[in-house]
Structure formats: C-alpha cells, structure tokens
Amino acid sequence: METAIALTRFYAPLCAIQPTTGLKRIIATNIKEYLPRTLRVLFTLFRERKEGHRITLRPSDFWFQDLLARHRGAERPSSAPGPDDPAIMLMSGGTTGTPKRVVGHHRSLVAAGLQLHAWMRPGSRDWEDVILLPLPLFHVYANVGVQTYAIVGHNPMLLVPNPRDINDLLAQIRKERPAFLSAVPTLFIALLNHPDVAAGKADFSSIRICFSGAAPLMAETKRRFEALTGGRIVEGYSLTEAMMATFVNPVKGPNKIGSVGLPLPDVEVSIVDAEDGERQLDSGTIGEVLIRAPQLMAGYWQNPEETALALQAHGPGGVWLHTGDLGYLDDEGYLFLVDRKKDLIKSSGYQVWPREIEEVLASHPSVAEVGVAGVADATKGEYVHAWVVLRSGMAATEDELRAFCRQSLAPYKVPRRVEFRSELPKTMTGKVLRRALVATPAPRP
C-alpha cells in the first residue's frame, strides 16, 4: 500500500509508523469539513485542538478536500472493475494470532448485500428505514454487511463514531428514530446497564429490528434486552473470510435460543470431523463448520499457505471455507455454535467449551460480562478459569459463582478460579480477547 486516507486525529500516529512501511503519501481529512456551518465553528473553537484534530500537514502529503476540488469535473477512469477484481482488503485473525489481510471481490460485496436484503425484507422498508450503525467501518460487519445492505435497499445509515458514549447513542435514537440497530453483544450489555434504560426512560419504540453479530450473544443478554425494550434481536454469524453474512435468524419466525440461524440464500454448510476435516457428520453432532458461498474471500493477501488451509476443495462444486468454529446443525437446519477449535479447553482428558460456561455465568443476576478460558496446569493439562465483571451495585463471591455453576454444569466444567475484573479486554468490535485474559491470570490468594 502506497497511499492512506486518514482523519486528522490519526495523522500523527500514521506518520510515526510510516518509515516502517511502504507508505509513500498520506491524504488527511478533518471531521469538521463534513459538519454544518454552526457545528463546524463550535468544533473549531472547543474541540479541534483539544482532541487532536488540528494538524500541520507535511509538504509531501495532501488534503482530501483539496484533491476533490482540484479534480472536480475530471473524466472518469476508462477502466471499470469486473466482478472478479479485488474490491476490498480487511483484517482478520486478531483474536487468535497474527492478523491476516483478507481480499474480497466486487462480486462478494454485491452478493452479501443482495443476500441480506432478501433475508431482512420481511421486517424492512426500502428508502425509508434509518439504520443506526455504531460500529467501525473497517470491520466486515459494518463495511460488507450493513453498508452493502443499506446500498441495495437505498436506506440511510446513521453513523455513531463513539458507541462507548451511551448518552450520545441514546440521544441519537431519540432524535433520528432509527428502525434498525446493528450492534455487538457488549453494546447491548452497555445499554442494559445504563440508568435511563434500566429505569424505562429510554425510548426504543422506533426500532423494529436489532441485529447482533461479531461475537457470541449470550442467551441472557438477548432475553433481558428484549424484555426491557420490546425490540427483537436477530443474531447472525459470519467471518471476515466469508465476507458477511452466512447465517441469520429469521426476522419473522422462530429464533431458537443459542442458534445463529439458518443459511442465507446460496450459502451451503457442512459439519465435518474436526480432526480430519473431511468426514461429514450427522445432525446434532459437533464438528467443524465449513461454508461454501459466492461471496467467500479471494484469499489472504500474499499468503498462499494460509489461504490453502482456509479454502479447500472437497469434491465438486467449489472450495469450502474452514471456519475453525465448532458447531452442529439441528434437524431443521439451524446452526448452533459451540466454540472456536483453538479455544477448546482440555482438562484431565475432558473437552470443555468455554461458551457453555460463559452462558451459565451470564445468567447469574450479578454478572454483567464474563470470559472463560483454559489456563495451563501441570496436573490436569489445563484448568477452567473465569473472569467476571459484576453489574453496577451488585455483589457476588467466587464461591457463590462456583456453586451457581455446579447447579448446571458437570464437575469438570466448573471453574477452578473466578477472577473479578472491572472490565474485560476486547477487540474494537466487542469480542472478548480470551488469550489476553490467559496472559495475566491472577495469582492464588
């Protein structure tokens, strides 16, 4: 990559790392350039310098608005991209290892938009519905999922750059009256914990559908949010490598607790033996989830070895994406995810899936967030360790939570340790970083 476009707030950090990259030029743009006149003046006076938006541009770099003005009226390029030309490059793999650059074709974006539009149509209105998007556009969920869906349906997107500011998010909902909220589980939890929402003072009446993705949605979070707000959460599942989306629960129809839904149009799924990656398994049997769809990635940028591991041919019909996720299909074709293959805990010869334990702990009335992982142990190989964030004003002890787990889990699945944290390490999209939790386990008292 030789050129980067960046907001002025990120100009200095980008300049700092430029010598270690092949980057030749930076195009800067200030957020105030897109604000109405009055807000632009207020931003300049009170926020621009304070929040790091005011910069001095180097001679070798450019202002985005200057380039637009200079080339306004210029002829379009003579060459047009084709369906099989590269369209986008997104990062994947940050929670499990070194991030990889995923390349998507133009046809991948078109297919994703058409699939989601067809699936969500029973609950959506083209041209009218405002989609609230408090997610970063560098992530596949927002960029390929929500953005392409909005383009196909001609729906405006309400972008919220800082979803951690729940007061502002609620204010935008009151003001703009969105019909569709796309969010991640941690945002639903944050909304539930906000005093106005808990007191019934927040108005969600305009929102007909909430879409949840990017991380596992705990059944208790779904139950509480729907009961408190009256809105329906539709959970979906995909990967950056699958170019969003592959599975979604019906908008109007059965939403099975714990399921990420049914395959979207033109999406095929196969559950295979997790060890050999070949033998197809029957309904109800846990194995690795394989996906075949028209929008699968072209591959990892300049990484043929990893591409060959992820995209494999198993008979005729095109390649399958090996997701690395464990799950099973029920008799009606609903997919239930169990966990990541790499997150499987092996304790004294038993296989333990962290998500099962997280679901149990999340149902405790004092627990706001939870993460579970295996910690190395000389005797058992690994032991189950849980990290818990308590709800504001609530209390619980380690012994109490372990006893709560014993009511629903086999003895070997009960966490040996429950560690309390004020917050859990997460990705930008709210997925709990289990490997970061394991890296800093608390010593025994």
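The values are calculated or read from the model by the stated rules, or taken from the named source; none is laboratory data. Note that the structure is predicted; figures quoted are calculated from it, not measured. Backbone-built Cβ (ideal geometry, glycine too); neighbour counts: all protein chains shown.
Is it the case that some residue within segment 373-384 is surrounded by 21 or more Cβ atoms within 10 Å (Cβ to Cβ) and closer than 25 Å to G287 by Cα?
Within segment 373-384, the first condition is being surrounded by 21 or more Cβ atoms within 10 Å (Cβ to Cβ), and the residues that meet it are 373, 384.
Filter again for closer than 25 Å to G287 by Cα, leaving 373, 384.
Within segment 373-384, one or more residues are surrounded by 21 or more Cβ atoms within 10 Å (Cβ to Cβ) and closer than 25 Å to G287 by Cα.
Can you report the number of residues in segment 1-32 which are assigned to a loop (DSSP other than H, G, I, E, B) and over 26 Å from the mean Cα position of the chain (by Cα)? Number of matching residues: 6.
Specify the residue that is surrounded by the fewest Cβ atoms within 10 Å (Cβ to Cβ); the eligible residues are those in segment 43-86 that are part of a helix (DSSP H, G or I) and touching a Lys or Arg at 6+ places or on another chain (Cβ under 9 Å). Top of the filtered list is T44.
Filter segment 267-283 down to the residues that are within 26 Å of the chain's Cα centre (by Cα) and either at pLDDT below 90 or within 18 Å of P99 (Cβ to Cβ) (or both) and list them by number. Reasoning before the result, please.
Step one: of segment 267-283, the residues within 26 Å of the chain's Cα centre (by Cα) are 267-272, 274, 277.
A274, G277 - these are the residues of segment 267-283 that are within 26 Å of the chain's Cα centre (by Cα) and either at pLDDT below 90 or within 18 Å of P99 (Cβ to Cβ) (or both).
The set of residues from segment 406-435 being more than 20 Å from L187 (Cα to Cα) and assigned to a helix (DSSP H, G or I) comprises R406, P411, Y412, K413, R435.
Tell me, which residue of segment 290-319 that is in a strand (DSSP E or B) and over 22 Å from the mean Cα position of the chain (by Cα) is surrounded by the fewest Cβ atoms within 10 Å (Cβ to Cβ)?
Here the residue is A313.
What do you reckon, is E369 surrounded by fewer than 20 Cβ atoms within 10 Å (Cβ to Cβ) and not assigned by TED's automatic domain parsing to the domain that holds N255?
Details: surrounded by fewer than 20 Cβ atoms within 10 Å (Cβ to Cβ): no; not assigned by TED's automatic domain parsing to the domain that holds N255: yes.
Answer is no for this residue.
Just to be sure, is L337 hydrophobic (A, V, I, L, M, F, W, C), under 21 Å from C405 (Cβ atoms) and outside the structural domain of T221 (by TED's automatic domain parsing)? Yes; evaluated as a whole, the condition is true for this residue.
Every residue, every condition in (1) among the charged types (D, E, K, R); (2) modelled with pLDDT of 90 or more; (3) in contact with a Ser or Thr (Cβ under 8 Å, 6 or more places away or on another chain), yes or no:
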residue	(1), (2), (3)
I27	no, yes, yes
L39	no, yes, no
A69	no, yes, no
P77	no, no, no
G97	no, no, no
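Suppose we filter segment 225-253 for residues that are in a helix (DSSP H, G or I), out of contact with any strand residue (DSSP E or B) (no Cβ under 7 Å at 6 or more places or on another chain) and surrounded by 18 or more Cβ atoms within 10 Å (Cβ to Cβ); how many remain? The number of residues fulfilling the criteria is 1.
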